[in-house]
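The values are calculated or read from the model by the stated rules, or taken from the named source; none is laboratory data. Note that the structure is predicted; figures quoted are calculated from it, not measured. Ideal geometry is used to build each Cβ from the backbone, glycine not excepted, and the neighbour counts take in all protein chains shown.
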Amino acid sequence: MIIDSATLDPVHAYKLLIGSILPRAIGWISTLSKDGIANLVLHGSRPPSEADEFVEVGLEKAPSLVVRPPRVSGAPISMECGVYKIIPVGEIGDHMIIGEVSAFPYTRRSYLERGRIDTAAIQSVGRLAAEYTLVENVFVTPLDGEILRGWADQRMHRLDAHPDGWSPIDTKSWSASGATNQHIGETL
């Protein structure tokens, strides 16, 4: 099957894009509003600044070492950044922010003394289109052909109660930022 991208509206093109590049890295970005209110957003979404978002989502703050915004307490990896450059993108006021990392606060469980990250100790979460995945296995290539054949036609198992083939992208509460409300079962 070939889908001509020229025939797609931006929403459908976006859905194909996010469903094809898997898994995608995710992360919280903390900032401070002009009024000193802590914003905490999943990368890619726009931060509202009226309320302390750490409080709203139930996460504790930890003081940063070199920047003003707090970081998420207990996160195995943090990167404290300052704004390096803001680049306008498109004609609708979007922009890309490039940060310069000034400190890497790591927990003892995630940092190896040889100067590397213990990736198996992090319990990584990745983004799959409108859903998330827990990284549960690790390997180096090449994998034995027998192992690859055993995985060839398997589907991922769901950790929630939704049936195979269900996706929040088909619900009224889906948003491109990944923000969804608690009542996600209603479909379009």
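Whether any residue in the range 132-149 is of a type outside the set (Lys, Arg) and in contact with a Leu (Cβ under 6 Å, 6 or more places away or on another chain) is what I want to check.
No, because not a single residue in the range 132-149 is of a type outside the set (Lys, Arg) and in contact with a Leu (Cβ under 6 Å, 6 or more places away or on another chain).
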Original post:
Which residue out of 36, 58, 115, 93 is within 26 Å of residue 140 (Cα to Cα), loosely packed, with under 12 Cβ neighbours inside 10 Å and outside the structural domain of residue 5 (by TED's automatic domain parsing)?
Top reply: 115
Subject >> Unmet criterion (only one of (1) under 17 Å from the mean Cα position of the chain (by Cα); (2) not assigned by TED's automatic domain parsing to the domain that holds residue 171) for residue 17 >> reply: (2)
Subject >> Candidate set: the range 65-99, residues that are of a type in the set (Ser, Thr, Tyr) and out of contact with any Pro (no Cβ under 6 Å at 6 or more places or on another chain); chosen: the one nearest to residue 26 (Cα to Cα) >> reply: 73
Original post:
Which residue pairs have Cβ atoms under 6 Å apart, sit 6 or more places apart or on different chains, and have a first residue in the range 14-40 that is farther than 17 Å from residue 63 by Cβ and a second that is surrounded by fewer than 16 Cβ atoms within 10 Å (Cβ to Cβ) and of a type in the set (A, V, I, L, M, F, W, C)?
Top reply: 22/128; 23/128
**OP:** Considering every residue within the range 81-102, establish whether at least one is at pLDDT 85 or above and assigned to a loop (DSSP other than H, G, I, E, B).
**Re:** no
Original post:
Being in a loop (DSSP other than H, G, I, E, B), under 22 Å from residue 21 (Cβ atoms), touching a strand residue (DSSP E or B) at 6+ places or on another chain (Cβ under 8 Å) and at pLDDT 90 or above, is that true of even one residue in the range 137-159?
Top reply: yes
Original post:
Of all residues in the range 104-133, which are part of a strand (DSSP E or B), without any contact (Cβ under 8 Å) to a residue 40 or more places away in the chain and within 21 Å of residue 79 (Cα to Cα)?
Top reply: 106, 111, 112, 116
Original post:
Out of curiosity, is residue 65 among the aliphatic types (A, V, I, L, M) and buried (at least 16 other Cβ atoms within 10 Å of the Cβ)?
Top reply: no
Original post:
How many residues does the range 1-32 hold that are among the small types (Gly, Ala, Ser), under 30 Å from residue 119 (Cα atoms) and either surrounded by 10 or more Cβ atoms within 10 Å (Cβ to Cβ) or modelled with pLDDT of 90 or more (or both)?
Top reply: 4
